[in-house]
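One structure is given below, encoded as structure tokens.
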Amino acid sequence: MDGDETRMSIRFRVNGEWRELRAEPRVSLLDALRERLGLTGTKKGCNQGACGACTVLLDGERVNACLTLVVQAHGREVTTVEGLARGDAALHPLQAAFIECDGFQCGYCTLGQLCSAHGMVREFQRGLPSAVTAEVRSGRPAWSSEEIRERLSGNLCRCGAYNGIVEAVNETFQAEVAR
């Protein structure tokens, strides 16, 4: 058996573009994005789901790409950090805020932090509580630095740029979550 018999055809949208590849069912979404599609913005950190460097959005929900199989993305939408910017010319406002607020140092975790922040805001807008949400019956948590920190706690920054990250997320999305 040469391995081709175990490969599956997988078709999914990546950053708005339909892509198709053949891969074994056990291939992670992280490896497919980096090695097969050349999207190296998604970083391989711990490869165990503990650091969040590989965070991408799957149908708008944040997932650790190292723990997600590429077959799970079949027929679905994947957004990587490369898909956040508006074309090649303009940064997404959150990317610009990370620069302005010193939300990164070495930059390794930044790409996962950016995707995680996008997913976190959507969770917040849907009224999903976190471990620090004071009043879960109200239907909507209060937007705060504490909420941001808790919701991004799955994304580790070994350089300690957390204050800048929280400031960048708050500045970018404060008006959006108030709606």
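The values are calculated or read from the model by the stated rules, or taken from the named source; none is laboratory data. All figures in this text were calculated on a predicted structure; none of them were measured in a lab. Note that each Cβ is placed from the backbone with ideal geometry, even for glycine, and that neighbours are counted across all protein chains shown.
Couple of notes before you dig in:
- Pairs meeting the criteria (first residue in segment 143-156 and within 17 Å of residue 176 (Cα to Cα), second residue part of a loop (DSSP other than H, G, I, E, B) and hydrophobic (A, V, I, L, M, F, W, C), beta carbons under 7 Å, at least 6 apart or on different chains) are 147/132.
- Hey, residue 106 crowded, with 20+ Cβ neighbours inside 10 Å and part of a loop (DSSP other than H, G, I, E, B) or not: no
- Test: residue in segment 112-122 that is touching a Gly at 6+ places or on another chain (Cβ under 7 Å), under 15 Å from residue 43 (Cβ atoms) and either in the same structural domain as residue 52 (by TED's automatic domain parsing) or in a helix (DSSP H, G or I) (or both): yes
- Put simply, of 40, 55, 79 the only residue that is among the polar types (S, T, N, Q) and more than 21 Å from residue 173 (Cα to Cα) is 40.
- Taking the criterion of being under 30 Å from residue 22 (Cβ atoms) and in a helix (DSSP H, G or I), the residues of segment 73-103 that qualify are 73, 81, 82, 83.
- Pair list, Cβ under 7 Å, 6 or more apart: segment 67-89 residue closer than 20 Å to residue 51 by Cβ, other residue among the basic types (Lys, Arg) and surrounded by fewer than 20 Cβ atoms within 10 Å (Cβ to Cβ): 69/26; 78/13
- Residues located in segment 135-179, provided they are basic (Lys, Arg) and surrounded by fewer than 15 Cβ atoms within 10 Å (Cβ to Cβ): 137, 158, 179
- Residue among 17, 24, 5 that alone is within 15 Å of residue 80 (Cβ to Cβ) and either without any contact (Cβ under 8 Å) to a residue 60 or more places away in the chain or surrounded by 12 or more Cβ atoms within 10 Å (Cβ to Cβ) (or both): 17
- Test for residue 32: is it more than 21 Å from the chain's Cα centre (by Cα) and among the small types (Gly, Ala, Ser): no
- A single entry from 90, 50, 97 fulfils the requirement of being under 30 Å from residue 164 (Cα atoms), exposed (fewer than 13 other Cβ atoms within 10 Å of the Cβ) and over 13 Å from the mean Cα position of the chain (by Cα): 90.
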